[in-house]
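Values in this text are rule-based calculations from the coordinates and carry no lab data. Remember, it's a predicted structure, so these values are computed and weren't measured experimentally. In this analysis, Cβ positions are derived from the backbone assuming ideal geometry, glycine residues included, and neighbour counts consider all displayed protein chains.
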Ligand SMILES: Nc1ncnc2c1ncn2[C@@H]1O[C@H](COP(=O)(O)OP(=O)(O)O)[C@@H](O)[C@H]1O
Ligand SMILES: [Mg+2]
């Protein structure tokens, strides 16, 4: 499903080059719930951004479902993100001018599907995350944990092939973190949803099928063996 | 794989929600500014339009009527004037016809010795009242009647005031109804006339003139059946060009002109300089509008940078995002235009209640809706361009940069 070969990402900071990814090769199967873990600044987010087509790598190849995505044009990448991928961010990244249901429906509306169909789909995923009764609220009226569940609903609404989540629990207390992780696990188990999630909380490990450790921009082979 | 679907619809979806849930006071302020710019772009047109209407009305009412017929090429007089007047009266669409005969004279006020040289005009009072409006603006005394021989009608500016320092033009120094004035004709005849009436049209050229009956002038000049001009009144000022061609179609060989052809030179220069000021004002207003729209959209968009990043991250094309901002600006322009038109009508209403007095009368404010429409179109174009620049810039940023806010 996901095939990454010798992926490198170099940031140019003035005259200094910062190597955030220094040759990463990984393989993730369909239906896996994979955790990417490692210390702060090790390159977890950078890796996720490359996989999620939010950024372009300096070198290396990424195949998603046998599509060589590094070769896609800007327009094609935008379309690919809309049609095939879902995202959950640390700061929820909801659109403040849209209410809860509209936030969930927007990726589907952007596909030019009939509004009613989009709202029906949004309501059904909101029900799954337990927020159907909050559908008409504005985003800021919800707690952090609720906002993150809305953002998961948005990631789910288009039935994406892969969901990418970058530290989705970093701003949540333990209780809410558990709700979010349970939600991911049930989506993964019940729907066979492939999920790639970045985390640095050791206690999250129990939820993952597999963990990829990363340190200083490379896969930490030693910890992998544990 | 890539398709263009949903450009307008998704942009509209986002724009509507942005307007509904965005900052209300910024929106109202922007609409107000657009409305004020519209007022600024059209205010002077209203005044100019009013002044032009005022001038035109006076020219029609006292000087040219709708159609003016002049002697043929190289001739001083219209010969067979009576026959022509009769023929003209029979043409459909003609409401009144009057022949004028004028000649150069010197009028003297024997009491003070003041004298003025001018062109004395004569008319047949019965015909004249069907065409011009002298009888309505007599401020003292009476209009001429057909049989009057030693009576003269003079304009308020020519009559003048006792205290000549108050006069706007050189005058006879305060002539009153019942006074006698001496008229010296070009052919040597000198005759005393009693002032029968004084009129004030507020048209300076006319108010510095004098009139006698046509019979009287014919007898002094020993002429008959000639005229220097014939005025024709039709249904309305707008119909004048049609009437002109109707009259020409009836085989009139004299020069036939409409009031507007006749009056072009008179107001032309003044109106042209006013129009230039008007154009400059419009351009300045447009520049102000474009700068304001640019700043408002820029701030608006900068504040929503993170939101734009999010939308792009989840796969919404940047053209859709740009489109939503352009639609918002169009909405602002539409509201601004409505408010602006209401304001313009308010101004017209205020000017109608508290009329401004111009030297030639009270201003009648007129909204020129074609100029209003043109200013709306210009405003929309300028606003769209001003909004497009920041919208494009921010929507074109890297996703991760934009998402950092
Ligand atoms: N936009 C950027 N410009 C320059 N350096 C960056 C940028 N983003 C990340 N980095 C650097 O790349 C490295 C990896 O960062 P990141 O992937 O965010 O780490 P993590 O998510 O594991 O904490 C860090 O050294 C960070 O400073
Ligand atoms: Mg990170």
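Stokes-Einstein, applied to the Kirkwood radius of chain B over Cα pairs at a viscosity of 0.692 mPa s and 37 °C, places its translational diffusion at 127 µm² s⁻¹.
Computed from the C-beta positions of residue B:86 and residue B:277, the FRET efficiency with R₀ = 41 Å rounds to 0.30. Modelled spin-label separation between residue B:150 and residue A:178, with each label point placed 7 Å from Cα along the Cα-to-Cβ direction: 12.5 nm. In plain terms, if you count all Cα to Cα distances in the protein assembly as shown and split them into 10 Å steps from zero, the share in each step is 3, 13, 16, 13, 9, 8, 7, 7, 8, 7, 5, 2, 0, 0 percent.
Computed from Cα atoms, the angle from the helix A:144-156 axis to the main principal axis of chain A rounds to 80 degrees.
Note on chain B: GNM, Cα springs under 10 Å; of B:323, B:141, B:113, the largest mean-square fluctuation is that of B:113. In chain A, the calculated helix contribution to ellipticity at 222 nm averages -10500 deg cm²/dmol per residue, counting -39,500 (n - 2.57) for every DSSP H run with n ≥ 4. If a spin label sat at a point 7 angstrom from the Cα of residue B:177 along the line to its beta carbon, no backbone N atom of segment B:210-249 would be nearer than 11 Å.
For segment B:67-233, the C-alpha radius of gyration divided by 2.2 N^0.38 Å, with N the number of residues, is 1.03. Between residue A:96 and residue A:120, full extension at 0.36 nm per residue minus the direct alpha carbon distance yields a gain of 6.5 nm.
So what's the angle, to the nearest 10 degrees on a 0 to 90 scale, between helix B:259-303 and the longest Cα principal axis of chain B? That helix lies at roughly 10 degrees to the long axis. Between residue B:299 and residue A:221, the simple spin-label model (points 7 angstrom out along Cα→Cβ) gives 5.8 nm. Computed over chain B, the per-residue total of -39500 (n - 2.57) for DSSP H runs of n ≥ 4 gives a 222 nm mean residue ellipticity of -17500 deg cm²/dmol, rounded to 500. Based on C-alpha pairs under 8 angstrom that are at least 6 apart in sequence, segment B:67-233 has a relative contact order of 35 percent. Gain on full extension, evaluated as 0.36 nm per residue between residue B:284 and residue B:53 minus their Cα-Cα distance, stands at 80.5 nm.
Please give the Cα centre distance for segment A:14-31 versus segment B:89-148, rounded to the nearest Å. Result: 101 Å between the Cα centres. With an 8 Å Cα cut-off and a minimum separation of 6 or more residues, compute the relative contact order for chain A in percent. In percent, rounded to a whole number, it is 30. Taken as Cα centroids, segment A:92-148 and segment B:172-247 sit 84 Å apart, rounded to the nearest whole angstrom. Can you compute the FRET efficiency between residue B:24 and residue B:393 using 1/(1 + (r/R0)^6), with r the Cβ-Cβ distance and R0 = 22 Å? Round to the nearest 0.05. Calculated value: 0.30. Note on residue B:142 and residue A:112: their simple-model spin labels are 8.5 nm apart, each label 7 Å out from Cα toward Cβ. Per-residue mean of foreign Cβ neighbours for B:8-19 is 3 (Cβ atoms of other chains, 10 Å radius). From largest to smallest, the equivalent ellipsoid semi-axes obtained for segment A:2-224 from the alpha-carbon gyration tensor read 29, 20, 16 Å. If both residues of a DSSP beta bridge must be in segment A:67-226, then about 25% of such bridges are antiparallel.
The angle separating the long axis of helix A:115-128 from the principal Cα axis of greatest extent in chain A is about 70 degrees.
Note on residue B:222/residue B:111: beta-carbon distance plugged into 1/(1 + (r/R0)^6) with R0 of 25 Å gives a FRET efficiency of 0.25. Take each residue in A:79-92, count the other chain C-beta atoms within 10 Å of its C-beta, and the mean is 3.
Normalised by the number of residues in chain B, the mean separation of alpha-carbon contacts (under 8 Å, six or more apart) gives a relative contact order of 28 percent. Dividing the convex hull volume of the alpha-carbon atoms in segment A:94-202 by its residue count gives 100 Å³ per residue.
Enter the Cα centre distance for the pair segment B:53-69 and segment B:331-397, rounded to the nearest angstrom. After rounding, the separation between the Cα centres reads 31 Å. Neighbour counts of other Cβ atoms within 10 Å put A:177, B:117 in the fewest-to-most order B:117, A:177.
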